[in-house]
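Remarks on the structure that follows.
The values are calculated or read from the model by the stated rules, or taken from the named source; none is laboratory data. Small disclaimer: the values here were computed from a predicted structure and weren't measured. Counting neighbours? That spans all protein chains shown, and the Cβs are built from the backbone with ideal geometry, glycine included.
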Amino acid sequence: MNHLSTLAEFVATAAPSKNVIDKTALILADSVGAIVGGAAEPEVAALSAQQQSGSRGPAAIIGTGAFAAAGTAAFVNGTAGTTLEMDEGNQFCKGHPAMHVIPAALAEAAHGSASGRELLSAIAVGYEAAARVGIATALRPSMHPHGTWGAIGAVAAVLRLRGASGEEIRNGMNIAANLGLTTSRRTMLEGGTVRNVFAGVSNQMGLLAADLVASGYSGDTYGVSHVFGTVASDSFDADKLVDQLGRRWEVMRNYFKMHSCCRYNHAALDALEQLRHDTPGLTADAVAKVDVETYGLAVELDDPAPRNVLAAKFSVPFALATALVQGSSGVSSFTQDKVEDRKTLDLAARIGVTEDPSMSAQLPDMRPARVTLHMCDGTILRAETRTNRGDYADPYSSHEIRAKYQSLTRRRWTQSQANLTWGAIMDLNNASNLKTLFETLKAA
């Protein structure tokens, strides 16, 4: 039995502990918040309306009150969930496993008879499969990780819900490896919003891969290692697929986001937050220029004049500038009017970003940055951080994550609807079926 077979058997049979189940429920709630918040964006609303045409089915397009066929709902929900850059992630796989898995799992479960624990278990093992493939591969630097290995996690979760065998899941993962996208990293830097649909496509392809397995289709024998070792990458370490499998769960090493932008901005934003906390009354008007020293991946995000909201979310200068001008790094600080704000752009032009090789050497465990504010009066303020708030080493509390969920869901739901859905998700481990969860999503 090779490593992929071992992982597939694990997906089929693993019984997650209560800690893993509880963490998965929190990830599910956080992801639903990101989906609902993203559903309020104009292009997502337009896409949702277009995709619903002629699509009928039991799966909720979350945040809209509409229902569609499983693949359609998974596509739209995955797209909505990435749009605000508020979905959780995993620094070790350099991606966002949950948003590549949860929409497909919810769409599949909508017409099944799974219990709450079975749904959470499927999400946990799907997350595990996606993250471990991401950890095992070193994607080409020109590729964006969204839409690549995510479909492998989606098909794993869907087939777990269908009660598939380890061999069927292995076949499904090999098929899904061939259904990934050839994603361009430039989309995020230039603001090509096609990037926001990558996760949605992965969820849709995960469901398709499961149907292909059921229909008798097959992938190449070593599809995962071949695609991610020779096609999308020149390196694939299969040992990482099974390293501490069952003892180290990737959902327990995830991170949650409060800053509404790319994770690579967060180290500098956390350092800036320290300075704002330690310097009451600090305003953008008092800042002459800013120097940021950080790791190499973050230095790539150096455009001081992004052309749209997506590009702004992948710009360290803009992120720091809008946080200083607006006093926040939340969703409201990354809107088109803020992208065009002259005061913010003037400040962003005075923010430099350089690599500190010693910081780059600390990845993936650490995400360091040093921020130096040169004040107009000649004062110098400096702060640095080694890890990011919200990751496994410095986690947000469940209260903070719920507050974020409330702020995002308010874009579409009433507080009562948000509370009911949160409660239904948090009680899934005790739920014999998913009726309450889907009724609350339908009502919302």
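Looking across segment 158-180, just one residue is touching an Asp or Glu at 6+ places or on another chain (Cβ under 9 Å), of a type in the set (Gly, Ala, Ser) and within 18 Å of Ser202 (Cβ to Cβ), and that is Ala177. Cβ separations smaller than 7 Å between residues 6+ apart or across chains give the following pairs from segment 169-185 residues that are farther than 16 Å from Ala129 by Cα to residues that are surrounded by 22 or more Cβ atoms within 10 Å (Cβ to Cβ): Leu181/Gly147; Leu181/Thr148; Leu181/Phe198; Leu181/Val201; Thr183/His146; Thr183/Gly147; Thr183/Thr148; Thr183/Phe198. Looking across segment 24-64 at every residue that is over 20 Å from Lys404 (Cα atoms) and among the charged types (D, E, K, R), the one that is surrounded by the fewest Cβ atoms within 10 Å (Cβ to Cβ) is identified as Arg56. For segment 244-256, name all the residues that are part of a loop (DSSP other than H, G, I, E, B) and touching a residue at least 12 places away in the same chain (Cβ under 8 Å). If the condition is that a residue be part of a loop (DSSP other than H, G, I, E, B) and touching a residue at least 12 places away in the same chain (Cβ under 8 Å), then Leu245, Gly246, Trp249, Asn254, Phe256 are the ones that fit.
Count of segment 111-139 residues, restricted to those that are at pLDDT 95 or above and either over 23 Å from Asp243 (Cβ atoms) or polar (S, T, N, Q) (or both), is 9. Selection of segment 370-391 for residues being surrounded by 15 or more Cβ atoms within 10 Å (Cβ to Cβ) and either assigned to a loop (DSSP other than H, G, I, E, B) or of a type in the set (Phe, Trp, Tyr) (or both) yields Arg386, Thr387, Asn388, Arg389, Gly390, Asp391. Annotation note: Cβ proximity below 8 Å between a residue of segment 222-234 that is part of a helix (DSSP H, G or I) and a residue that is β-branched (Val, Ile, Thr) (sequence gap 6+ or interchain) occurs for Gly223/Ile175; Val224/Val133; Val224/Ile152; Phe228/Val133; Phe228/Thr137; Phe228/Thr148; Gly229/Thr137.
Taken over segment 260-285, the residue count meeting the criterion of being farther than 17 Å from Arg386 by Cβ, crowded, with 16+ Cβ neighbours inside 10 Å and over 13 Å from the mean Cα position of the chain (by Cα) is 3.
Restricting Gln406, Gln336, Gln362 to residues that are surrounded by fewer than 18 Cβ atoms within 10 Å (Cβ to Cβ), at pLDDT 95 or above and touching a Pro at 6+ places or on another chain (Cβ under 9 Å) narrows the list to Gln362.
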